[in-house]
Amino acid sequence: MNVAQPDVTLYLDMEGVIHDVHLSNDVPSDDLGAWRGRAWADTVADAGGDKVRRMIEDARTRGVSAFRLVNQIFPGGLELPIEYTAVRLGRKSGLVAVGKNLQAQADLQSRLIAAQQAMERDYWKLRDVETRYRLVFDTSTEPFLLVRASNLHILEANPAAVRTLGFSPAGREFLAELPPAEREPFEAMLSRVREQGKAPAVLVHLGRTKEPWLIRATLMTAEPGHAYMLQLAKVGALPPAPDQKQPISSDYLFETVADGMIVTDKNGVIRRTNPAFLDLVQVGSEGSVVGENLGRWLERPGADERVLLANVRKYGLVRLFSTTILGDLGIRTEVEVSAAGSTDDDNRPIVMVLRNVGQRLPEATAGERLSAMVGTLIDQVGKTKLHQLVKDTVGAVERHYVEAALELTDGNRTAAAELLGLSRQSLYSKLNRYGLHRVRGDAADRSR
């Protein structure tokens, strides 16, 4: 029969002075001789002294005390939360205090509180996004409609749509508002949006007077399914497409390009951005980004930003630099960065293009090389001792990642050591060990 044993047992006299101590195997052993002859109240944290004295008094007068939690300080300095109760052994035989270690419960409670705080932060982030969406939706002077993707029933209409088009509250089917001849082109536009993500606007006639409107659709995720956000503009209100015979302005290209684009100074401080970059970093307005450092949204800001800017200053051009963007709402996006700047004028801005490559299949060349190296070692099973096989395998993997870090940093040993979490001396030792000391970074290191 298993009987639960106390983690700490203290044998006391009637005044609460410790005569003997016993610890279970779950509590780290310590030099407990320093406790003998000391008052129990003097061995706990300051806030627990009164609790100990109340337990001793209750045990003397009533025979047993209530359970109380105190922070017990052991002779070696270890402090543990212990839940004690004190019991009188006999008329004047003394007292015994038995305690249970609550460190595991305290750690679990700390993790629970941390998880609750993380959930609360996520909740307020979502509330902030919802508030911004609601503000734009309600205050826009253009009519907006939210319709369910499955049946095209109107879920919501902003005040401009209700006022301009005379739409009643949610629940009506949007197709019923269109003339029969315009329903098929409208549904074709929605189908193209669902398949390709976007489609040109179509002309429809809406409202009591059947005025002509241009309507665009955007597919959104909503509960309990998908929904279309419909944006309406009067014919002639939308800006005309650029005249193909005239040069297209750089501002138009900057704002409409599908990849994220930013302009920074030599230190990586953002001076201008486009909507695609705002989507990557999950920020609602350009004003919240301008003046911030690009490293704020890099998963490895100290290493990636430093390497990127150093190579732009050195070569004037960087292509296909791989890194990870961490958005304000917690979404991680793998990107490739191409950047152009000046090698001789620090006042010239740096232009960067960030392309989302999260859906791209990863290249397997580096992994195949590593697999090939490990495969040759597997063939040595039975021919070589196990400890030597393990040593050779660790060496092959270590050399692979050292080479990868040097390639990523264009041979910059200082940056490579930072990526690998090593000191420069440790990296030099590994370069010599694997015969990698003659790399492109020699000239760079000597020039510094």
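So the values come out like this:
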{"read-out": "Leading residue by the ranking (nearest to Arg208 (Cα to Cα)) among those in region 170-187 that are in a helix (DSSP H, G or I) and open to solvent by 60 Å² or more (accessible area, probe 1.4 Å)", "value": "Ala176"}
{"read-out": "Complete set of residues in region 418-431 that are within 24 Å of the chain's Cα centre (by Cα) and free of Cβ contacts under 8 Å to residues at least 40 places away in the same chain", "value": "Leu420, Gly421"}
{"read-out": "Matching residues in region 22-38 - criterion: being open to solvent by 20 Å² or more (accessible area, probe 1.4 Å) and either among the charged types (D, E, K, R) or in contact with a Leu (Cβ under 9 Å, 6 or more places away or on another chain) (or both)", "value": "His22, Leu23, Asp26, Pro28, Ser29, Asp30, Asp31, Leu32, Arg36, Arg38"}
{"read-out": "Top-ranked residue of region 129-157 - restricted to ones that are at pLDDT below 80 and not in a helix (DSSP H, G or I), ranked as surrounded by the most Cβ atoms within 10 Å (Cβ to Cβ)", "value": "Ser140"}
{"read-out": "Those helices (runs of 4 or more DSSP H) lying entirely in region 376-448 with at least 1 residues at pLDDT below 80 and not β-branched (Val, Ile, Thr)", "value": "386-408, 424-433, 441-447"}
{"read-out": "Residues satisfying the stated conditions in region 318-348, i.e. within 15 Å of Thr264 (Cβ to Cβ) and exposed (fewer than 15 other Cβ atoms within 10 Å of the Cβ)", "value": "Ser342, Asp345, Asp346, Asn347, Arg348"}
{"read-out": "Any hit, region 214-229, residues being open to solvent by 20 Å² or more (accessible area, probe 1.4 Å), in contact with an Asp or Glu (Cβ under 8 Å, 6 or more places away or on another chain) and modelled with pLDDT of 85 or more", "value": "no"}
{"read-out": "Of all residues in region 57-76 being open to solvent by 10 Å² or more (accessible area, probe 1.4 Å) and touching a residue at least 40 places away in the same chain (Cβ under 8 Å), the one that is farthest from Leu12 (Cα to Cα)", "value": "Gly76"}
{"read-out": "Cβ-Cβ under 9 Å pairs, at least 6 apart or on other chains, region 7-20 side closer than 14 Å to Val44 by Cβ and without any contact (Cβ under 8 Å) to a residue 40 or more places away in the chain, far side open to solvent by 60 Å² or more (accessible area, probe 1.4 Å) and part of a strand (DSSP E or B)", "value": "Ile18/Tyr11"}
{"read-out": "Any hit, region 298-309, residues being surrounded by fewer than 15 Cβ atoms within 10 Å (Cβ to Cβ), modelled with pLDDT of 85 or more and within 25 Å of Arg413 (Cβ to Cβ)", "value": "no"}
{"read-out": "Flag for Arg36 being out of contact with any strand residue (DSSP E or B) (no Cβ under 7 Å at 6 or more places or on another chain), charged (D, E, K, R) and outside any strand (DSSP E or B)", "value": "no"}
{"read-out": "Residue, farthest from Glu156 (Cα to Cα), within region 173-197, restricted to residues that are aliphatic (A, V, I, L, M) and out of contact with any Lys or Arg (no Cβ under 6 Å at 6 or more places or on another chain)", "value": "Ala181"}
{"read-out": "Conditions (1) more than 24 Å from Glu418 (Cα to Cα); (2) open to solvent by 40 Å² or more (accessible area, probe 1.4 Å); (3) in a strand (DSSP E or B): number failed by Asp279", "value": "(3)"}
{"read-out": "Tally of residues being surrounded by 14 or more Cβ atoms within 10 Å (Cβ to Cβ) and closer than 20 Å to Arg36 by Cβ across region 88-128", "value": "7"}
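The values are calculated or read from the model by the stated rules, or taken from the named source; none is laboratory data. What you are looking at is a predicted structure, and each value in this text was computed from that prediction instead of being measured. No Cβ is skipped: glycine too gets one built from the backbone with ideal geometry, and neighbour counts run over all protein chains shown. Just so you know, the surface numbers come from the protein's heavy atoms only, side chains and all, with ligands and any DNA or RNA stripped out. Shrake-Rupley method; radii C 1.70, N 1.55, O 1.52, S 1.80 Å.
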